[in-house]
Amino acid sequence: MSVLDRAELRALVARIAAEPASWRDLVRHGTPERHFEQLWRDDDVDVWVISWASGNDTGFHDHDVSSGAVAVVEGELIEERMVLSGEPIRFHHRAGEAFDFDASHVHRMHQDSGARSVSIHAYSPPLWRMGSYAIGGDGTLRRQSISYAEELRPAEVVV
Ligand SMILES: [Fe+2]
């Protein structure tokens, strides 16, 4: 195997989404924050099952050198893509839908539907570092490099 491209990542999350027996036991609802479970990790790709509660918000971030794909399998998620000259562009991703992105992508994912959501995420090469964006005290955009482990904390690693 080698690094997966966007189409391969999207096909992977779609295939996993269609096999709930492979991830259903990793869904955890009832926690106030997003709950991450690593379904797979090898040299080329990592796959996560993320359970969302209403109000959960990633903030704007990038995925360093990784491309990715997300399949929503329950509920809905809102994705915002940053626009420097205006309001972010919003996308609603509903159960049964998927999207993919390359390493240049900057987005924010949040869930404020009042209900819970579950999504399957795949990244290639596997996530190691991520960039988290915030507005500094002087109003300028700041990027903080964070470990994927700070953001995507596996409660249980299944390899
Ligand atoms: Fe992301």
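Observations on the model:
- Residue-averaged [θ]222 nm for the chain, counting only DSSP H segments that reach four residues, each worth -39500 (n - 2.57): -2500 deg cm²/dmol
- At 0.890 mPa s and 25 °C, Stokes D of the chain from Kirkwood alpha-carbon radius, µm² per second: 155
- Structural descriptor for the chain: relative contact order 30 percent, calculated from alpha carbon pairs under 8 angstrom and at least 6 residues apart.
- Other-chain or far-sequence residues with amide H under 5 Å of Phe60's (modelled H): Tyr133
- Pair Ile89, Arg129: separation of 7 Å Cα→Cβ label points (nm): 2.8
- Per residue accessible area in Å² of the chain, where ligands, DNA and RNA are left out and the probe is 1.4 Å: 51
- About the centre of its Cα atoms, segment 1-87 shows a dipole size close to 240 debye [charges on the beta carbon of Lys, Arg (+1) and Asp, Glu (-1) only; nearest 20 debye].
- Scanning residues 5 or more positions from Val73 or on other chains, those with amide H under 5 Å from its amide H are Gly96, Val118, Ser119, Ile120, with H placed 1.01 Å from N in the peptide plane.
- Global geometry of segment 14-74, whether rounded, prolate or oblate, following the gyration tensor of its Cα atoms and the 1.5 cut on a/c: oblate
- Our coupling estimate for segment 72-80, obtained by passing each phi through the Karplus curve with A = 6.51, B = -1.76, C = 1.60 and θ = phi - 60°, is 8, 10, 8, x, 8, 10, 9, 10, 10 Hz, Gly and Pro reported as x.
- Apolar share of the accessible surface for the chain: 51 percent from carbon plus sulfur atoms, 1.4 Å probe.
- Note on segment 88-110 and segment 15-76: Cα centroid distance 13 Å, given to the nearest whole angstrom.
- Backbone geometry of segment 45-53 corresponds, through the Karplus equation with coefficients 6.51, -1.76 and 1.60 at θ = phi - 60°, to 3J(HN,Hα) couplings of 8, 10, 10, 10, 10, 10, 9, 10, 9 Hz, x marking Gly and Pro.
- Principal-axis tilt of helix 6-17 within the chain, Cα atoms, nearest 10 degrees: 50
The values are calculated or read from the model by the stated rules, or taken from the named source; none is laboratory data. Just so we're clear, the structure is a prediction, and the values are computed from it rather than from any experiment. Methodologically, a virtual Cβ is constructed for each residue, glycine included, from the backbone with ideal geometry; neighbour enumeration extends over all protein chains shown. Ligands, DNA and RNA are stripped out before the accessible areas are found, and what is left, the full protein with its side chains, is counted by its heavy atoms. Shrake-Rupley method; radii C 1.70, N 1.55, O 1.52, S 1.80 Å.
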